[in-house]
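Everything below concerns the one structure shown next.
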Amino acid sequence: MKNIQLNYSQLLFLYAYLRSIDLSLDRNKWTTWDELQDYFKNMIAPSQVAQYLINIFNLPKTDFKNFNFTPQKKSLLNRLRPIIFKTFPLKQDEIIYCCKLLFQFDEVLHSDIKKYHLGIERIRIDIAEYYSNILGRMILLNDLDKLMKIEHFWQSEKIDIAKLEEFIPNDFR
């Protein structure tokens, strides 16, 4: 399978964006779906992030609904590579799977559902496992600390947050 090299800013952005979705979905369990939809009207659309990945990595046409992939945790070597070699490789299927998750969230975000349900929780868990087990294992600890405080829906006003804009790479359109 083809390897794709992310630059560090792309890696941080993708992690920040996915974590923001995860935290937002988690907080939505105590509010209405309409409020979450309103929040994301002022955010970058998940489909826009997926299209960005498709374009910059020249991904093949894919039937995302029927794409099956089981992500694996990064090995120790893959966790050390960013520190030693400053490279951030992902397999093409790992990027395609990320696009699938983004499109799934975009679809439910723009649906007419009325409240959080088990299917949305499955998407949230898949997103959390992806950014934690795949992307998070390549991020330096001091950056990971900042990413833990990424802005999200229904966030506490008592904590300092990191704005998503801080992580948007220069090549994002």
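Here is how the numbers come out for the structure above:
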item	result
First in the stretch 158-173 and open to solvent by 100 Å² or more (accessible area, probe 1.4 Å), second anywhere and assigned to a loop (DSSP other than H, G, I, E, B) and not aromatic (Phe, Trp, Tyr), Cβ under 8 Å, 6 or more apart	ASP160/LYS149
Test: residue in the stretch 27-40 that is closer than 17 Å to ASN3 by Cα, among the aliphatic types (A, V, I, L, M) and buried (at least 17 other Cβ atoms within 10 Å of the Cβ)	no
Candidate set: the stretch 1-26, residues that are within 21 Å of ASP93 (Cβ to Cβ) and at pLDDT below 95; chosen: the one most open to solvent (accessible area, probe 1.4 Å)	MET1
Inter-residue pairs, beta-carbon under 7 Å, first more than 12 Å from ILE56 (Cβ to Cβ) and among the β-branched types (Val, Ile, Thr) and in the stretch 1-13, second open to solvent by 50 Å² or more (accessible area, probe 1.4 Å) and assigned to a loop (DSSP other than H, G, I, E, B), 6+ apart	none
Among (1) free of Cβ contacts under 8 Å to residues at least 12 places away in the same chain; (2) in a helix (DSSP H, G or I); (3) open to solvent by 90 Å² or more (accessible area, probe 1.4 Å), the one test that ILE125 misses	(3)
Checklist (1) within 21 Å of LEU36 (Cα to Cα); (2) at pLDDT 95 or above; (3) acidic (Asp, Glu) applied to ASP93, failing item	(1)
Contacts under 6 angstrom Cβ, first residue in the stretch 141-153 being in contact (Cβ under 8 Å) with a residue 40 or more places away in the chain and closer than 22 Å to PHE40 by Cα, partner β-branched (Val, Ile, Thr) and open to solvent by 40 Å² or more (accessible area, probe 1.4 Å), 6 or more apart	GLU151/ILE161
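The values are calculated or read from the model by the stated rules, or taken from the named source; none is laboratory data. A quick note: this is a predicted structure, and the numbers were derived from the prediction, not measured. For neighbour counting, all protein chains shown are included, and Cβ atoms are generated from backbone atoms with ideal geometry for every residue, glycine included. Heads up: the accessible areas ignore ligands, DNA and RNA and are worked out on the full protein's heavy atoms, side chains in. Shrake-Rupley method; radii C 1.70, N 1.55, O 1.52, S 1.80 Å.
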